[in-house]
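Notes to accompany the following structure.
The values are calculated or read from the model by the stated rules, or taken from the named source; none is laboratory data. These numbers were taken from a predicted model, which means no experiment stands behind them. Here the Cβ positions follow ideal geometry from the backbone for every residue, glycine too, while neighbour counts run over all protein chains shown. Surface accessibility is based on the protein's heavy atoms, side chains included, excluding ligands, DNA and RNA. Shrake-Rupley method; radii C 1.70, N 1.55, O 1.52, S 1.80 Å.
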Amino acid sequence: ITFYEDRGFQGRRYECSSDCPNLQPYFSRCNSIRVDSGCWMLYERPSYQGHQYFLRRGDYPDYQQWMGFNDSVCPCHTVPYTSSHRIKLYERHGYGGLVSELTEDCSCMHDHFQLNELHSLHMLEGWWVLCEMPNYQGWQYLLRPGDRSYHDQGGLDAKVGSLRCVIDLY
């Protein structure tokens, strides 16, 4: 992954090939990104805090292209490839009211499950990105194997719009 200070892949740049807990020494702002391989999760603030941005292989000429709220990127995390994905979803705290088990992307939780909130989950296989709004929009949260709630990853409330498997499509 290559970070650029200016839009359109201009300005000072920094290349990274593994997790980096602090990108601030390498650039003061990030306005474009090129992902050459793999999947990455970027974080707006230090210590893997703030808005999270999921990126797959591709070019992102300005921060709005990765649904960024601003030009701040601090740590980045590579997301390992897994061949299978499985997650159990529950509508109530403590694994109550089983909604479903997913093995593939769901672009609209309400259309598929009549569900706008998700209070607990059980990550069985793979890595997932939970999005606050349908069609993979809004705040994003990386879910790792073993997670029980997206609050574990900084989720602020139980609102859920869509879920996406982390797969490098290229």
**Q.** Hits in the stretch 102-115 (condition: outside any helix (DSSP H, G or I) and among the hydrophobic types (A, V, I, L, M, F, W, C))
**A.** Leu102, Cys106, Cys108, Leu115
Q: Among the residues of the stretch 10-56, count how many are open to solvent by 40 Å² or more (accessible area, probe 1.4 Å) and either in contact with an Asp or Glu (Cβ under 6 Å, 6 or more places away or on another chain) or assigned to a strand (DSSP E or B) (or both).
A: 10
Q.
Can you list residue pairs whose Cβ atoms sit under 7 Å apart, with the first residue in the stretch 143-160 being farther than 15 Å from Leu115 by Cβ and part of a loop (DSSP other than H, G, I, E, B) and the second being open to solvent by 60 Å² or more (accessible area, probe 1.4 Å) and modelled with pLDDT of 55 or more? Count only pairs 6 or more apart in sequence or on different chains.
A. Pro145/Glu125; Gly154/Gln49
Q. Of the residues that sit in the stretch 102-117 and are in contact with a strand residue (DSSP E or B) (Cβ under 7 Å, 6 or more places away or on another chain) and farther than 14 Å from Arg164 by Cβ, which one is surrounded by the most Cβ atoms within 10 Å (Cβ to Cβ)?
A. Leu115
Q: Would you tally the residues in the stretch 60-101 being within 26 Å of His122 (Cα to Cα), assigned to a strand (DSSP E or B), open to solvent by 20 Å² or more (accessible area, probe 1.4 Å) and in contact (Cβ under 8 Å) with a residue 24 or more places away in the chain?
A: 7
Q. Met109 versus (1) hydrophobic (A, V, I, L, M, F, W, C); (2) in contact with a Ser or Thr (Cβ under 7 Å, 6 or more places away or on another chain); (3) within 23 Å of Cys20 (Cβ to Cβ): which is the lone unmet condition?
A. (3)
Q) For the stretch 139-157, what are the residues that are open to solvent by less than 70 Å² (accessible area, probe 1.4 Å) and modelled with pLDDT under 70? A) Ser149, Tyr150, Gln153, Gly154, Gly155
